[in-house]
Amino acid sequence: MKALVAVKRVVDPYVKIHLKPDGSAVDLNSLKMVMNPFDEIALEEALRLREQGKIQEVIAVSLGSVASQETLRHALALGADSAILIQTDAWLYPLITAKLLAALAGQLSPQLIMLGKQAIDSDNNQVGQMLAGLLNWPQGTFVSRVTMEADRLVVKREIDTGLETLSLQLPAVLTSDLRLNTPRYATLPNIVKAKQKPLSVMTPEQLQVVMEAPHYEVIKVEMPRARKSGVKLNSVAELIEKLKTEAKVL
Amino acid sequence: MKTLLIVEHNNESLNASTFSMLSAAMLLPSIITVLIAGSQCEPLTAFFKKNEKIEKVILLDSPDYQTPLAEDLAALIVKLAPEYDYVLAPASTFGKNILPRAAAILGLSMLSDVLHIHEADLFTRPIYAGNVLETVRLKEKIKFLTLRPSSFSPMSMQGEAVPVEKIADPIVHERRAQFIDHELTVYSRPELQSARTIIAGGRGLQNKENFKLIEQLADKLGAAVGASRAAVDAGFISNDFQIGQTGKVVAPDLYIAVGISGAIQHLAGMKNSKVVVAINKDPDAPIFQGADYGLVGDLFEIVPQLIAELDKD
Ligand SMILES: Cc1cc2nc3c(=O)[nH]c(=O)nc-3n(C[C@H](O)[C@H](O)[C@H](O)COP(=O)(O)OP(=O)(O)OC[C@H]3O[C@@H](n4cnc5c(N)ncnc54)[C@H](O)[C@@H]3O)c2cc1C
Ligand SMILES: Nc1ncnc2c1ncn2[C@@H]1O[C@H](COP(=O)(O)O)[C@@H](O)[C@H]1O
């Protein structure tokens, strides 16, 4: 049984973002790039399922420019068996990403596709659900526990009111939440070994996906107004006084 | 034009987001149909009152929708959507689970987490944990949007109830997905998303036992309790209390952050609060940068003092 894991190259979540001087877009030049943290968690879960003998092969896939090879090498160093780059410089909006992944799934026939619940750059939280819809597979989103039983998955999902448990028939799509697991680190020997593992490149044409422009247009990007810094107070009494008379929230 | 507004509820009561969603929908140049899909939830239809824009409620009342699955709800939406120009749902785990699935089946792009509606097709949403705002023109024929309830003030409704149109379950259930059970938090305090005051605790609380301090302070103020990711990861409190980029987004009148450093992912969930108070022993903690009032010191001294002072009132 094969699992496909979608890993996106994104800006490091802990670096500060700026706009280009002309304000037209976010300036990612020379910023540290990493694997989307949710995708690292998704990959870790697939690796654990392989270690438990539930699945046999973990294939990492990334979509984007040639730079995403770096993210795939990282996935291989973490333990993925092979990697595929769907290489394109076109704008990868969620629907086209989902279409490309669906086409790849059509060729590879994985039983499980794991994604992150959201990419921390565009914060869409869409691709997994879209992919499941396009494939007409059951979906388990925002999962914090996964158990595999024969041809089914039992998943716990983090929902706004607590937790929900679903049973999904394979093949299925899962998206990971933060508490699913704590990803391992790539060790030096594994980083070296990763260089020998297969990383193939495919094009949207090979997948027979027409790279239509999105039916939306970004008109502008801007930084939100920063909250102004307030004052540091000296005592609890002073705080209560301020909250009552100045802020009028008590 | 016509809007289909998908309502979140638990069959017994409407989610507080519903009335914010209605006021957002009122900003669009279209007539609103409310969709309530659930089981034995008919009394909920009575909350929707006639006004110049709210036309009707569609009710799907079926045991299969007791705890609806994304697969079924998306199929229902796919069936209804072609008659509409907009399909709206709250940007909650409920709305985010179903809308992208339905949109993709219809071959449509959609927008998540809409904060502002400028024009019929022009919307602003946050990216990069809210560090950047993106204004987007959505050109799809049917515009699927999830909206942030905290960005729209709730609408109050009075008057005569709107007509209800019942539909029989139109969906063939394939049952490849099954609901097993849920562990729902029993909330004894105000809901995070509609609370006027929130007391949030972080890793600085050290353990679950100490986290009770946050609850005590919240109870003094009739406030909701929230938490940072670190506090949830460490098991001080359950996941549904997490505030931030990947948790809940809140905008209360008063937000008191206790033992929280103020990582950008946390700020993403609370920086639209009206007044922010930070209590932290590290004077350089980033949380102080956006806080209206800061107290530098040990929370284990400050919070009990605060509770004692409030007791005097
Ligand atoms: C992909 C991703 C998504 C994330 N999503 C979220 C999210 O949705 N929400 C979220 O909150 N985080 C999120 N995070 C995590 C975030 O980056 C921070 O790690 C987290 O917010 C830190 O929590 P904290 O402030 O409680 O802990 P810390 O950063 O450890 O801060 C603890 C603070 O407590 C103070 N303190 C300690 N002891 C005391 C004392 N006795 N008295 C007073 N002060 C004390 C310390 O000075 C410190 O500032 C995410 C991270 C990633 C990578
Ligand atoms: N360009 C990409 N390459 C690989 N995976 C992606 C890409 N974009 C999105 N994904 C996957 O889809 C998930 C959700 O992304 P999004 O819907 O954009 O927030 C991510 O966590 C990834 O697993």
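The values are calculated or read from the model by the stated rules, or taken from the named source; none is laboratory data. Bear in mind that the values here come from a model prediction, so they are computed numbers and not experimental data. Don't worry about glycine lacking a Cβ; one is built from the backbone with ideal geometry, like all the others, and counts go over all protein chains shown.
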Which number in (1) outside the structural domain of B:LEU60 (by TED's automatic domain parsing); (2) in contact (Cβ under 8 Å) with a residue 12 or more places away in the chain; (3) among the hydrophobic types (A, V, I, L, M, F, W, C) marks the one condition that B:LEU133 misses? (1)
May I ask you to list the residues in segment B:247-272 that are buried (at least 24 other Cβ atoms within 10 Å of the Cβ) and within 16 Å of ligand 2 (Cβ to nearest atom)? B:GLY247, B:VAL249
Would you mind telling me which numbered condition in (1) under 20 Å from B:ILE6 (Cα atoms); (2) more than 17 Å from the chain's Cα centre (by Cα); (3) among the polar types (S, T, N, Q) B:ASN97 fails? (2)
Restricting the search to segment B:174-199, which residues are of a type outside the set (Lys, Arg), touching a strand residue (DSSP E or B) at 6+ places or on another chain (Cβ under 9 Å) and more than 11 Å from chain A (Cβ to nearest Cβ)? B:PRO190, B:SER194, B:ALA195, B:ILE198, B:ILE199
Scan segment A:125-148 residue by residue and report those that are surrounded by 22 or more Cβ atoms within 10 Å (Cβ to Cβ) and within 7 Å of another protein chain (Cβ to nearest Cβ). A:ASN125, A:GLN126, A:GLN129, A:MET130, A:ALA132, A:GLY133, A:PRO138, A:GLN139, A:THR141, A:PHE142
From the list B:ILE237, B:ILE214, exactly one residue is β-branched (Val, Ile, Thr), more than 9 Å from ligand 1 (Cβ to nearest atom) and either in a loop (DSSP other than H, G, I, E, B) or assigned by TED's automatic domain parsing to the domain that holds B:THR93 (or both). Which is it? B:ILE237
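Within segment B:281-297, track down each residue that is under 25 Å from the mean Cα position of the chain (by Cα) and either in a strand (DSSP E or B) or hydrophobic (A, V, I, L, M, F, W, C) (or both). Write out each step before concluding.
Taking segment B:281-297 first, the residues under 25 Å from the mean Cα position of the chain (by Cα) are B:287, B:290-292.
Selection gives B:ILE287, B:ALA291.
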Spot the failing condition for B:ILE171; the list is (1) in a strand (DSSP E or B); (2) more than 23 Å from A:LEU163 (Cα to Cα); (3) within 14 Å of chain A (Cβ to nearest Cβ), and only one is missed. (1)
Expected single match for farther than 25 Å from A:THR141 by Cα, at the interface with chain A (Cβ under 8 Å from one of its Cβ atoms) and in contact (Cβ under 8 Å) with a residue 24 or more places away in the chain among B:LEU295, B:LEU310, B:LEU299 is B:LEU310
Given the conditions (1) over 23 Å from the mean Cα position of the chain (by Cα); (2) on the phi > 0 side of the Ramachandran plot; (3) within 8 Å of chain A (Cβ to nearest Cβ), every one holds for B:TYR128 apart from (1)
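Mind checking which residues of segment B:250-270 are within 15 Å of the chain's Cα centre (by Cα), more than 12 Å from B:ALA195 (Cα to Cα) and within 11 Å of chain A (Cβ to nearest Cβ)?
Within segment B:250-270, B:ALA268, B:MET270 meet the criteria.
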Complete set of residues in segment A:166-200 that are within 11 Å of chain B (Cβ to nearest Cβ) and among the charged types (D, E, K, R): A:ASP177, A:ARG179
Condition broken by B:GLY107, with the remaining ones in (1) assigned to a helix (DSSP H, G or I); (2) within 14 Å of another protein chain (Cβ to nearest Cβ); (3) out of contact with any strand residue (DSSP E or B) (no Cβ under 9 Å at 6 or more places or on another chain) satisfied: (1)
Residues B:ILE58, B:ILE77: which one is surrounded by fewer than 23 Cβ atoms within 10 Å (Cβ to Cβ), β-branched (Val, Ile, Thr) and more than 10 Å from chain A (Cβ to nearest Cβ)? B:ILE58
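For segment A:166-181, give me each residue that is more than 16 Å from ligand 1 (Cβ to nearest atom) and of a type in the set (Ser, Thr, Tyr).
Within segment A:166-181, A:SER167 is the sole residue that qualifies.
Test B:ILE302 against the criterion of being of a type in the set (A, V, I, L, M) and within 9 Å of ligand 1 (Cβ to nearest atom), and give yes or no. Please lay out each step first, then the result.
Numbers: of a type in the set (A, V, I, L, M): yes; within 9 Å of ligand 1 (Cβ to nearest atom): yes.
It is true that B:ILE302 is of a type in the set (A, V, I, L, M) and within 9 Å of ligand 1 (Cβ to nearest atom).
Confirm whether B:GLY226 is outside any helix (DSSP H, G or I), crowded, with 21+ Cβ neighbours inside 10 Å and not basic (Lys, Arg). Quick ask: steps written out before the conclusion?
On the way: outside any helix (DSSP H, G or I): yes; crowded, with 21+ Cβ neighbours inside 10 Å: yes; not basic (Lys, Arg): yes.
Yes: the conditions hold for B:GLY226.
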Within segment A:1-54, count every residue that is away from chain B (no Cβ under 14 Å), within 12 Å of ligand 2 (Cβ to nearest atom) and in a strand (DSSP E or B). 5
Could you give every pair whose Cβ atoms fall below 7 Å, whose first residue belongs to segment A:12-37 and is over 22 Å from A:ALA60 (Cβ atoms), and whose second residue is aromatic (Phe, Trp, Tyr) and in a loop (DSSP other than H, G, I, E, B), counting only separations of at least 6 or pairs across chains? A:ILE17/B:TYR128; A:VAL26/B:TYR128
